[in-house]
Amino acid sequence: MIEGGRNYSLVMLELTDAGYDKVTTSVTVTGREGNLIEVNGCEVINTASPLFHSLIDTEGQKAHFAKLHSDFEAALKGS
């Protein structure tokens, strides 16, 4: 779920001379209404747009990888 006040990495598709490419920007979601999200208090993104790729929860991603790392370290010690 997209939550207001959280930091995300916003991934959008951008058309270049070589085709479509992913562009990532760090944003804070400041509002949400249906498919529309407001980021950084001044820009509205339509998540139903074909150019919208994803929002990655920055803190959630860090916590996930930290847990994977600690589980891996624990498995190595248990071997």
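The values are calculated or read from the model by the stated rules, or taken from the named source; none is laboratory data. Note that the structure is predicted; figures quoted are calculated from it, not measured. Cβ atoms come from the backbone with ideal geometry, glycine included; neighbour counts cover every protein chain shown. Surface areas here come from the heavy atoms of the whole protein model, side chains and all, with no ligands, DNA or RNA. Shrake-Rupley method; radii C 1.70, N 1.55, O 1.52, S 1.80 Å.
For segment 44-53, does any single residue satisfy the condition of being among the aliphatic types (A, V, I, L, M) and farther than 21 Å from M1 by Cα? No.
In segment 7-51, of all residues being of a type in the set (S, T, Y) and open to solvent by 60 Å² or more (accessible area, probe 1.4 Å), the one that is nearest to K62 (Cα to Cα) corresponds to S26. Are any residues in segment 3-26 under 18 Å from V39 (Cα atoms) and among the hydrophobic types (A, V, I, L, M, F, W, C), and if so, which ones? Listed by number, the residues that qualify are L10, V11, M12, L13, V23.
Restricted to the chain, the set of strands (runs of 3 or more DSSP E) holding at least 3 residues that are in contact (Cβ under 8 Å) with a residue 40 or more places away in the chain comprises 7-16, 52-57.
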